[in-house]
Amino acid sequence: MSTSSVLYRVRRMLGDMGSPFVMSVVADGVSSMLDCNAAPVEPQSINVITSPDNGTTWTAPLALGTDYTVDAFNGKLIFQNPPAQGNVVLVRGVSYVDWTDTDLVDFIQIAFLQHTYHRNPPVVLNAVAGAIPQTQVLPANEERAVAILAVIESYWDLATAKAKNFTIDTGDGTVIPLAQQYEHIMSHIDRLMARYEDLAQKLGVGLYAIEVLTLRRKSRMIGTLVPVYIDQEIEGRFWPPDRALPPIPVLANIRIHYCGIFSLGTQYNINDEVIEGGVTYVALAANIDVDPYTDTQAGDGITGLNWKQSWINNTGYGYGYTW
């Protein structure tokens, strides 16, 4: 699997494989901008040559980025220096309906990152030659799923642009329902998302992969997580059993180190937690001899340069810290 193969699938789904165009103009020696009469255009496909003698001889192709730049979205060429008066300028290139290859590759990258979120072991879209260890490439059977997700991303951008349109009614019976474009695009996004969801569930991959998770349970008596052990066969039981360590859900800030009551002369590090005047403070930066109350009052009263107040696990002075 590679970016180029996914790009080909995306273009097929969009029904936009590109249209070559050729145009020529006679330079006036003044204008430095040339309209290609096609948009958007792929900058890397543009080839520009000039002829000083009405097409009898031609110069070498001009250099993109040095002799001229391309406004891909509007289909315009901007020359560094206007071509000499009377020169014939010949332009060849490829134009598309909505998106250039550069745009679609960006959508593909976004789709790939979403599709492989939390993938373990991690995979890449393009193999890296000579990498040690060897890179793991996304399997070919997931190529269509990534392509569908990339098309969805492109349609979301298109729908956002079309959302500014509205139905025009001239009052004489002429109605131009431009708003229907937005509705059609949004409807097709729903159908594509259903297709992607179906593929992801059947292949067990992507955003809609069906997962079996090990849930953690907290003891109501002592307030700690109950240990989870790896399953064993009856015939193969051994003691002590192996502990499983599924990730602990984090729904709030984690206090890394409780340091008790604030004291001068003590070195505090980031996420150290102290109590000063019955209020809990958390260190935002390493510091020494910076009083939390004074530091936060110098800020907005809650957050200072080195400390911030916290109401999570704030039991106040005399009760101490609770895990």
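The values are calculated or read from the model by the stated rules, or taken from the named source; none is laboratory data. These numbers were taken from a predicted model, which means no experiment stands behind them. A quick note on method: Cβ atoms are made from the backbone with ideal geometry, for glycine too, and the neighbour counts reach across all protein chains shown.
Among the residues of the stretch 101-137, the ones that are in contact (Cβ under 8 Å) with a residue 12 or more places away in the chain and within 18 Å of the chain's Cα centre (by Cα) come to 20 in all. The single condition from (1) touching a Lys or Arg at 6+ places or on another chain (Cβ under 8 Å); (2) crowded, with 20+ Cβ neighbours inside 10 Å; (3) more than 30 Å from Phe21 (Cα to Cα) that Ile148 fails is (3).
What residue, among those in the stretch 230-256 that are within 37 Å of the chain's Cα centre (by Cα) and among the small types (Gly, Ala, Ser), is modelled with the highest pLDDT? Before you say what the answer is, go through the steps one by one.
So in the stretch 230-256, the residues within 37 Å of the chain's Cα centre (by Cα) come out as 230, 243-256.
Those left that are additionally among the small types (Gly, Ala, Ser): 244, 252.
On the way: Ala244: 80, Ala252: 51.
Selected residue: Ala244.
Among the residues of the stretch 151-171, those identified as without any contact (Cβ under 8 Å) to a residue 24 or more places away in the chain, among the β-branched types (Val, Ile, Thr) and surrounded by 11 or more Cβ atoms within 10 Å (Cβ to Cβ) are Thr160, Ile168.
Among the numbered conditions (1) in contact with a helix residue (DSSP H, G or I) (Cβ under 9 Å, 6 or more places away or on another chain); (2) assigned to a loop (DSSP other than H, G, I, E, B); (3) surrounded by fewer than 16 Cβ atoms within 10 Å (Cβ to Cβ), the only one that Gln85 does not meet is (1).
Do we find a residue being under 29 Å from the mean Cα position of the chain (by Cα) and among the hydroxyl-bearing types (Ser, Thr, Tyr) anywhere in the stretch 162-177?
No, the conditions are met nowhere in the stretch 162-177.
Condition first: modelled with pLDDT under 80 and out of contact with any helix residue (DSSP H, G or I) (no Cβ under 9 Å at 6 or more places or on another chain). Can you find one or more residues in the stretch 266-284 that meet it? Explain how you work it out, then say what you get.
We begin by selecting, within the stretch 266-284, every residue modelled with pLDDT under 80; these are none.
No, every residue in the stretch 266-284 fails to be modelled with pLDDT under 80 and out of contact with any helix residue (DSSP H, G or I) (no Cβ under 9 Å at 6 or more places or on another chain).
Could you say which residue among Lys218, Lys202 is among the basic types (Lys, Arg) and modelled with pLDDT under 90? Walk me through it before giving the result.
Working: Lys202 fails: modelled with pLDDT under 90.
Result of the check over Lys218, Lys202: Lys218.
Taking first residues from the stretch 182-210 that are within 20 Å of Ala163 (Cα to Cα) and assigned by TED's automatic domain parsing to the domain that holds Pro122 and partners that are in a helix (DSSP H, G or I) and of a type in the set (Gly, Ala, Ser), the Cβ contacts under 8 Å between residues at least 6 apart in sequence or on separate chains come to Tyr182/Ala159; Ile185/Ala159; Met186/Ala159; Ile189/Ala159.
Filtering the stretch 45-82 to residues that are of a type in the set (Asp, Glu) and either more than 11 Å from Leu34 (Cβ to Cβ) or buried (at least 18 other Cβ atoms within 10 Å of the Cβ) (or both) leaves Asp53, Asp67. Residue pairs whose Cβ atoms lie under 9 Å apart, sitting 6 or more positions apart in sequence or on different chains, and linking a residue in the stretch 1-18 that is without any contact (Cβ under 8 Å) to a residue 24 or more places away in the chain to a partner that is part of a helix (DSSP H, G or I) and of a type in the set (Gly, Ala, Ser), are Tyr8/Ala147; Arg12/Ala147.
Give the stretch 43-96 a look and list any residue that's hydroxyl-bearing (Ser, Thr, Tyr) and closer than 30 Å to Leu158 by Cα, or say none.
Step one: list which residues in the stretch 43-96 are hydroxyl-bearing (Ser, Thr, Tyr), which gives 45, 50-51, 56-57, 59, 66, 68-69, 95-96.
Those that are hydroxyl-bearing (Ser, Thr, Tyr) and closer than 30 Å to Leu158 by Cα: Ser45, Tyr68, Thr69, Ser95, Tyr96.
Summed over the stretch 255-281, the residues that are of a type in the set (Gly, Ala, Ser) and either surrounded by 15 or more Cβ atoms within 10 Å (Cβ to Cβ) or in contact with a Phe, Trp or Tyr (Cβ under 9 Å, 6 or more places away or on another chain) (or both) give a count of 3.
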